[in-house]
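Working notes for the structure below.
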Amino acid sequence: TVILILTAIGMMVDVQYSGFRFNSFNASSGNLLSIGFGTLLIVAMFVVANWALCVLFDSEAFLKDIYCCTAYSLIPFTASLYISTLLSYVLCTDEAMIMTVVNGICLFWSVLLIFFSFKEIHQYTISKTIISLFCTLIALVLVAFLLFMMFSLLQQMVSFVEMAASELSYRFS
């Protein structure tokens with residue numbers, strides 16, 4: 001949990017405190033808390049989606065195992081967030097490729113850690129692990145779509161109730 005909190009803080013720090021040459025974040029129009037909570041929400045959705053699908057694929061892992069492996073696998077990515085924030089104060093814009101390479105290597109390392117840790121905790125073969133992770137990504141997209149549709153429908157319902165209440169107040173006043 002500490003690693004996930006550090007990852008969320010790292011995302012917020014990277015967005016807010018990168019050097020001015022590399023920072024395109026507009027503090028007046030952006031929200032740092034949404035970035036932090038969004039990071040935690042994506043990880044939580046990934047863990048739950050993987051657990052739900054792996055129950056169907058005859059996995060031997062528990063939800064706690066998936067959660068721990070996902071958090072531990074994010075350590076290189078989290079470190080790259082802090083490293084790139086520090087490098088943004090030292091490097092010039094012509095050397096931005098260094099930050100891109102550091103972030104890319106750390107992201108690739110995290111993906112490899114997730115892949116091999118899931119292979120071990122689920123007791124899958126390599127092909128079944130690939131299929132499981134692919135199905136997890138599809139489930140993530142479906143859950144995100146359903147959440148978007150739910151919030152859109154909720155927003156329309158609230159708008160309808162507000163319009164109906166204002167119409168009734170005009171009629172009776």
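The values are calculated or read from the model by the stated rules, or taken from the named source; none is laboratory data. None of these values were measured; they are calculated from a predicted model. No Cβ is skipped: glycine too gets one built from the backbone with ideal geometry, and neighbour counts run over all protein chains shown. Just the protein is used for accessible areas: all its heavy atoms, side chains included, with ligands, DNA and RNA removed. Shrake-Rupley method; radii C 1.70, N 1.55, O 1.52, S 1.80 Å.
Could you tell me which residue of segment 40-69 is nearest to Phe145 (Cα to Cα), considering only residues that are of a type outside the set (A, V, I, L, M, F, W, C) and touching a residue at least 60 places away in the same chain (Cβ under 8 Å)? Among them, the one singled out is Asn50.
If you go through segment 94-124 and keep only what is of a type in the set (S, T, N, Q) and open to solvent by less than 80 Å² (accessible area, probe 1.4 Å), you end up with Asn103, Ser110, Ser117. Do you know which residues across segment 60-103 are of a type in the set (D, E, K, R), part of a helix (DSSP H, G or I) and more than 20 Å from Leu40 (Cα to Cα)? Selection gives Asp94, Glu95. Across segment 125-132, not a single residue is classified as under 30 Å from Gly19 (Cα atoms), at pLDDT below 95, in a helix (DSSP H, G or I) and open to solvent by 80 Å² or more (accessible area, probe 1.4 Å). Met163 falls short of the stated requirement of being touching a Leu at 6+ places or on another chain (Cβ under 6 Å) and aliphatic (A, V, I, L, M).
Within segment 86-101, residues that are more than 21 Å from Pro76 (Cβ to Cβ) and touching a residue at least 40 places away in the same chain (Cβ under 8 Å) sit with their Cβ atoms under 8 Å from residues that are open to solvent by 50 Å² or more (accessible area, probe 1.4 Å) and of a type in the set (Phe, Trp, Tyr), at 6+ positions apart or across chains, in these pairs: Thr93/Phe22. Summed over segment 1-59, residues that are farther than 30 Å from His122 by Cβ and assigned to a helix (DSSP H, G or I) total 10. Determine, yes or no, whether Leu33 is farther than 18 Å from Phe115 by Cβ, open to solvent by less than 30 Å² (accessible area, probe 1.4 Å) and among the hydrophobic types (A, V, I, L, M, F, W, C). It is false that Leu33 is farther than 18 Å from Phe115 by Cβ, open to solvent by less than 30 Å² (accessible area, probe 1.4 Å) and among the hydrophobic types (A, V, I, L, M, F, W, C).
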